Structures are given as C-alpha cells and as structure tokens.
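The values are calculated or read from the model by the stated rules, or taken from the named source; none is laboratory data. Keep in mind it's a predicted model, so treat the numbers as computed, not measured. Note: ideal-geometry Cβ built from the backbone for every residue, glycine included; neighbour counts use all protein chains shown.
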Amino acid sequence: MRIRDPFRLNDWGIVPFLGVVLGVQLLLWLTLVLEENGAGIPLLRQVVGFVYLTWVPGIVLLRILRVHKVGGIETLLFSVGLSVATVMFVGFAINTIYPMLDLLKPISEGPLLITLTVFVFAGAVIAYFVDRDYNQPEYITIGETFGWPVFLFALLPFLAIFGTWLVNNYRVNTLLFVLLAAIAIIPVLVAFRRIVPERFYPFVIWTVALALLLHASLISNHIWGWDINQEFYISNLVVQNAAWDFSIYSNINAMLSIVMLAPIYSILCNIDIVWIFKIVYPVLFSFAAPGIYMIARRQSYDRVAFYGSFFFITFFVFFTEMLQVARQEVAELFLVLIALLIINKDLNKIKKYIILIVFSFSLAVSHYGLSYLFMVTIGLAWVILVVSELGSLNRIRDRFSPLFDWKKRGYGPNFRPRHAGERAITLDFVLLFFIFALGWYMFISSSSALNSITELALQFSNNMVSGFLDPETTQGLSIIVTTATTPLHQVGKYIQVIAQFFIFFGILSLLLKPQKMDLGGEYFAIDREYFSVSLVNFALAAAGVVLPFFSSALNTTRLYQITLIFLTPFFVIGVLEAFRFLRRALRRTDVDLSGETATRAIAAFLCIFVLFNTGFIYSALGDEPTSIALDDRIDYPRFDAQEIAGAQWLHAVGNRTINSDVPRAVMLEGFVGTLARKMPADPAAVRKNSYVYLGTYNVLSKKLSLVQANAASQVRAYYDIGPYTVRRGVIYDNGGSRIYE
C-alpha cells in the first residue's frame, strides 16, 4: 500500500497541505475547549500542543519559501528548527509589543494562542498564493517503510520510560541494564548489513538517542543537575509573572531558549516546567542525532554516517551533562541544522541564506557560550576558505610535495579554489552573526553575557604565558594527567583517548589525501566548507588541553562534545584509514585487514564504548558508579520528594539567606533564586541570621559536600555536619530534609 510521505508534507498539493496544517490548528483549539468544559481527554492537549509548536509553524515557513525535494529527514529537521525559532521570536515580539498596548500579561494562554493562530493562518494564506501550483508528492510503501526494524527499535524509548519508572518507584534497575546492553549490541548488528537494512539507519540512530536521553532525564520526579535549576527558576518567573523581565542581570535570563521556549510550551501544552525540561527538551534535542547522521551521509556512505553518529550519541556528555543545560540542548540542535545547511548544495542560494540566518540568530539567543565558539569557528573557517581560494595552500602543498613524495604515492592535500559565491560561510554572514549576537548580549539582561566573555578574555590573556600547559589552570590537561580513581576508570579514560587518536588520524588522512577517498571500495568526499569548520573545531578541542581557563569556562567535556558535532565522521575515517595503512605497511596475506574487518573493529569498539560511557560496566562490576540511572549511591544534584518538600516549605515561609552544601544549594536555586548560598568551608563564616538546609544525603551520612576551587578545576570535599549546625535549632524535619535556624 502506497501513501503520501507525511514527512514531505511541503511537497504535497496546496489543498491537502492546508488541510493538515489547519486541521492540527483546529484540533489544538478543540482540546482547549474540551478542557474548559471539563471534558478534556488525558494527554491529548499535551500531544497536539507539542506537534503544533514543534512542527506546524516550520512546515508553513518551508512552504512559503517554496523549499521542495530536500528529503524527508531534512524536511522534518528544518521544520522543527524553524518552528522552535518561530516560538522563541514570536514570544519575544509579544513580550515587547503587547505591554505597549496595555496587555500586561503577554506570556499567557490567550495572547499566545491567538497570536500563533494568526501567524499560522496568515502563513497558510501566503503559502497558498506563492506556491499553490506545486504538487509533486513523494510516496512511501507502508510495508517497506514500517518494517520489523521500526517496531523493534521503537521499543527502546519505551524501555527507557518503563525502566526509569521502576527505578523511581521500586529502585529496580534491571530493565535499564537490559536497555543499555541492547544498545551496546546495535553496532555489531549493523556490521552485518543484512540484519539491519541501511534505509533504517536514521530511525535507529534517533531511537537510540531518545532512549539514552530519557533513561537519564526521567530519573527522579524533579529536575536534576547543575545549571538546569537556575534555568528552572528563570522560566518559572516568566510563567508566574506572565511576562519576561529582560533587565534581570543574568546570563540565563538573556536566552530565549529559556525565557520564551520553555514557558510557551508549558502554557500551551499545559505541562509543568519540570516536565518540559525532563521530556520536551530531550525530545527536541534528540532530533540532533539524525541531523548528525545526515551531515555525514551527505559526504560519505551509510555505515560511516551510522557509526559516526552512534559515536556522538553514546559519548556520555550527550545524555548526562546536556540534560543539565537545557539552553545548550536547543543551541546544539540549531548548530547541527546550520552544519546541515552548510553542506546542502541543493537549496536555492537565497532560500538557503534565509534559513541559515534564522538558525544562526536562534543559536545566538539560545546559548551564549556556544555562540561565542560559533563566532570563532565561522571567523577562522572563513579565513581558511579565503586562503584556499587564492591557491596559497596548494602552492604550499607543491613546495613540500618532494619531501613527502605525495605525487609518486598518489595522494596529498587538495584545496580546490572555488568561487566565494558558492559558499555559505561568507564575510557578510560572519559579520551579520557577529553584529546580531553581540548586539543582543549588549542590550539584554544588562549586558550580563557580554560582561562574562569580557572577564574570561581578561583572565585568559593574563594567564596565557604562565598558565600554558599547566594542569592547575588548564582543565583539559588536568583531566588527562590525573590518575583515575580506580583501574577500571583508568581503562575508561584510555578508551576516550583511543577515540581521540582516531579522530586526529582521520583529520590527518583528509589533509594528506584528495577530496575523494576510497575506503574499501566505497567513495566519499568531505565538503570543503565542512572540512574547514572541522579543522577549527579540532583546534578548539586541542586548545582546551593547552590553553589556561579556556575549556573550564564551558567545561572541558562539554567543549569536546560540541566539537564532536563536526568531528565524529573523522573517528570512523581514522579507524578505516589506520587499517588501510597497516595493510599497506605489513603486506601480509595471512592477516585480514580489509575494510570489512575494519568495520567490525569499529563495531566492537563502539560496543565497549557504550558499556563504559553509560556506566554499565562500573555498576555491573561494583566499581565506583557514574550513572545516576543505574546507581543511587552517587552524591549528585538528584533530589527526592522529601527534599523538594523541604525546599518548597522554605520558598513559602523563608525570606532569609539559605545555606546548604553544593548539590542541595543548586536545587534550592530553582525555588528561592539568589537567597540560596553554597556553604563556606569555614563554619564561622555562616551567617547567624540565616537558615541551614540539609538534604537526604546529609541527614543519612551526616556529611556536607563542599567544593574547593583549584584555579580552573574544582575538587569535592566532605565535612562533618556538626560544626555547621551547633547552636541552631531544627524548625523543619520530614525525615529526608532538615532545616535549622
């Protein structure tokens, strides 16, 4: 049975296109009417609201731009990106304009729903007039599209959901162990092509990514992690006030990904902010995974794309640290979409630039740290491209050619001159992004984000010479040279280093080979702009290891994960090229070093990589745990119902400074904002006229978890509770949290 491809709705005729779009719009209104009359259907508003906000505005904009025939996955990803951007910027416009019209609560259900409805309806009318004659729908065969792999791999996110429910309610982690073991086996299944057909690779990558994100995000019934508690507080302020105060001095308050996106999803979907961060944001972020796959697939072949994207999503930062920085989840989605646009040569130049500018501006208002890195990336990439277009790099290659005998060996770097008009990364684009981003950071939130980068630049310049290659000031180098806490963790570190070596080898191979490479009979060519951006990202990753205070400003592991957005294909290329090099060097026929052997070696490595990165191996062998999903012994900003109840009680009755150890203070920031204070190491420094808050871990262990700063690094230290609570009386105790006055 053949049906129209729903993922390519923009290629349908205008009448069925408008029927679907306006149908979703009417369905959203219907769910609200039903709820108002007490006849609401459970989860209907949440599902319809999510689909509406995440897809409808974007698909309408694609139709207005007359974007067609870009493929089902790209169409879906561009629709999601444009929809998220629309929600943020429409929210910003509402918050700015409506108070001038005496509508003092613009970020509330009525104004939001009416404005977005008008936006979608007006867009539908425009789409009708500019693109009503287009009607070239693609068709899919249900039997081929929804084969057994779809149903099998679709179970993974549901295993994650049910597994976390068992952990939260019964402290049973068996199902999560089964889930992670199943994910570890997937690369091996892909190594044998007939087991998982290549057409299902993008879906497999997406389901694995979503399962990994949900298996961690759904732990606890409250948000967990570090920065996300501040994001929770800022987002809640907007919801409570029904307006955004952009004058509040805070880097986070300058980000529309927090002050607009989360509140609007919360209000229109009728979902608490907690669950917006625990479910909606991870689902949005999961779309980055097929984006990474398509970036590699457009330049290589299926298995390189699969293994590269699988490597990216199974690196632990993807499903642990990223869940704690909601604004970066949104920003990385836009960065992936920008990379996908850069290598897209099918889109009309004007259409491509319009979408590129929208995504770039959205990146700027989503995460300031990533925006600054993007400034550096596109600026240096533009320089590399300009130099290559002058032919200078080819002349350098020719000068060194006799030394390396490149011509005789048949390979060498090839920097083909290309007309600047064919590039996405132009001087106009670079300057436009710089002006918009810096202008936004200058005028929003009292220049907080701009002041932060200025202070970092001063710190960096003052320590450039004295702190170079110093582990005390260079967080990345400190991680490398510091011995792991256990031998098994040391093995885990070696696995990360091996992966980084192959990335380096892959980059080097591309520098020393023509653009078109042959790996085991399958050819691929890395886009020149993409390779330039990748070189800059490799340099940024290296800078995190050698330059003082560079990586610690963002966190070394997060910096490395950002660079992996561009570097993941080079991990696979590095392994394949290493096998090819060994095959040439050894010239042995009794050792199989073919491309198939290399592919299976990658699969085996990724299997081990998953077991270490998810913490499976540590928890299974009783080693020091790393996963809060598999082991609740970890002292981490993860909170139970009693701790939340204590924080809510303080929020309701307290109006003084609240002292707590580091993990608990982070949680308190989500409820009381600036009243929360991290406990000083010296008990005498704790203010007398203040509260002392203890969480479950503190009550049971009688210890406080404090942080000792060491230049660019931080070390956790534990102190007895006694000196901090002496001469104080208990004013609240529910068994899991205790408050002293």
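Among the residues that make up region 294-316, is at least one of them over 25 Å from residue 71 (Cβ atoms), outside any helix (DSSP H, G or I) and of a type in the set (Phe, Trp, Tyr)?
Yes; the residues of region 294-316 include at least one that is over 25 Å from residue 71 (Cβ atoms), outside any helix (DSSP H, G or I) and of a type in the set (Phe, Trp, Tyr).
For (1) touching a residue at least 60 places away in the same chain (Cβ under 8 Å); (2) farther than 21 Å from residue 169 by Cβ; (3) of a type in the set (Ser, Thr, Tyr), each residue gets a yes or a no:
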| position | (1), (2), (3) |
| --- | --- |
| 626 | yes, yes, yes |
| 631 | yes, no, no |
| 662 | no, yes, no |
| 682 | no, yes, no |
| 688 | no, yes, no |
| 692 | no, yes, no |
| 700 | no, no, no |
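Here are the criteria: (1) at pLDDT below 95; (2) hydrophobic (A, V, I, L, M, F, W, C); (3) surrounded by fewer than 21 Cβ atoms within 10 Å (Cβ to Cβ). Tell me which single one residue 354 does not satisfy.
(1)
Is it the case that region 423-436 has a residue that's more than 23 Å from residue 337 (Cα to Cα) and modelled with pLDDT under 95?
no
Could you grab me the full set of residues in region 541-554 that are buried (at least 20 other Cβ atoms within 10 Å of the Cβ) and either without any contact (Cβ under 8 Å) to a residue 60 or more places away in the chain or under 19 Å from residue 321 (Cα atoms) (or both)?
541, 544, 550, 551, 552, 553, 554, listed by residue number.
Taking residue 66 and the conditions (1) in contact with a helix residue (DSSP H, G or I) (Cβ under 6 Å, 6 or more places away or on another chain); (2) at positive phi; (3) modelled with pLDDT under 95, which numbered condition does it fall short on, given that it satisfies the others?
Answer for residue 66: the failing condition is (3).
In region 266-298, how many are touching a Phe, Trp or Tyr at 6+ places or on another chain (Cβ under 6 Å) and more than 28 Å from residue 219 (Cβ to Cβ)?
Qualifying residue count, region 266-298: 0.
Which of the numbered conditions does residue 4 fail, given that it passes all the others? Conditions: (1) in contact with a Pro (Cβ under 6 Å, 6 or more places away or on another chain); (2) under 26 Å from residue 350 (Cα atoms).
All conditions pass for residue 4, except number (2).
For residue 178, indicate whether it is buried (at least 18 other Cβ atoms within 10 Å of the Cβ) and more than 23 Å from the chain's Cα centre (by Cα).
No; evaluated as a whole, the condition is false for this residue.
Kindly establish whether residue 73 is within 30 Å of residue 133 (Cβ to Cβ) and within 19 Å of the chain's Cα centre (by Cα).
Considered against the rule, which asks whether it is within 30 Å of residue 133 (Cβ to Cβ) and within 19 Å of the chain's Cα centre (by Cα), residue 73 comes out as yes.
What's the number of the condition residue 143 fails, among (1) surrounded by 16 or more Cβ atoms within 10 Å (Cβ to Cβ); (2) among the small types (Gly, Ala, Ser); (3) closer than 24 Å to residue 9 by Cα?
The one condition residue 143 does not meet is (1).
Could you pull out the residue among 383, 336 that is surrounded by 19 or more Cβ atoms within 10 Å (Cβ to Cβ) and either touching a Phe, Trp or Tyr at 6+ places or on another chain (Cβ under 9 Å) or among the aliphatic types (A, V, I, L, M) (or both)?
Unique residue meeting the criteria: 336.
Select from region 470-508 the residues that are of a type in the set (Gly, Ala, Ser) and modelled with pLDDT of 80 or more and write down the one among them that is farthest from residue 556 (Cα to Cα).
Looking at the filtered set, the residue picked out is 506.
If you check residue 717 against the conditions, is it part of a loop (DSSP other than H, G, I, E, B), under 26 Å from residue 485 (Cα atoms) and either among the hydrophobic types (A, V, I, L, M, F, W, C) or at pLDDT below 90 (or both)? Break it down stepwise before answering.
Working: part of a loop (DSSP other than H, G, I, E, B): no; under 26 Å from residue 485 (Cα atoms): yes; either among the hydrophobic types (A, V, I, L, M, F, W, C) or at pLDDT below 90 (or both): yes.
No.
Taking into account only those residues within region 33-59 that are polar (S, T, N, Q) and touching a residue at least 12 places away in the same chain (Cβ under 8 Å), which is farthest from residue 284 (Cα to Cα)?
First pass over region 33-59, keeping only residues polar (S, T, N, Q): 37, 46, 54.
With touching a residue at least 12 places away in the same chain (Cβ under 8 Å) added as a condition, the list becomes 46, 54.
On the way: 46: 15, 54: 8 Å.
Only one residue tops the list, namely 46.
Quick check on this structure: which one of 617, 573 is under 25 Å from the mean Cα position of the chain (by Cα), in a helix (DSSP H, G or I) and closer than 25 Å to residue 168 by Cβ? Spell out the reasoning first.
Numbers: 573 fails: closer than 25 Å to residue 168 by Cβ.
Criteria check complete, one pass: 617.
Just give me the residues in region 128-154 being among the aromatic types (Phe, Trp, Tyr), touching a helix residue (DSSP H, G or I) at 6+ places or on another chain (Cβ under 8 Å) and farther than 16 Å from residue 73 by Cβ, in sequence order. Give the steps one after another, and end with the answer.
The initial filter retains those residues of region 128-154 that are among the aromatic types (Phe, Trp, Tyr), namely 128-129, 134, 139, 146, 148, 151, 153.
When the remaining residues are screened for being touching a helix residue (DSSP H, G or I) at 6+ places or on another chain (Cβ under 8 Å), the result is 128, 134, 153.
Correct list: 128, 134.
Here are 539, 543: which of them is among the hydrophobic types (A, V, I, L, M, F, W, C), at pLDDT below 90 and assigned to a helix (DSSP H, G or I)?
543
Residues checked against (1) modelled with pLDDT of 80 or more; (2) among the small types (Gly, Ala, Ser); (3) surrounded by fewer than 18 Cβ atoms within 10 Å (Cβ to Cβ):
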position	(1), (2), (3)
571	yes, no, no
578	yes, yes, no
581	yes, no, yes
592	no, no, yes
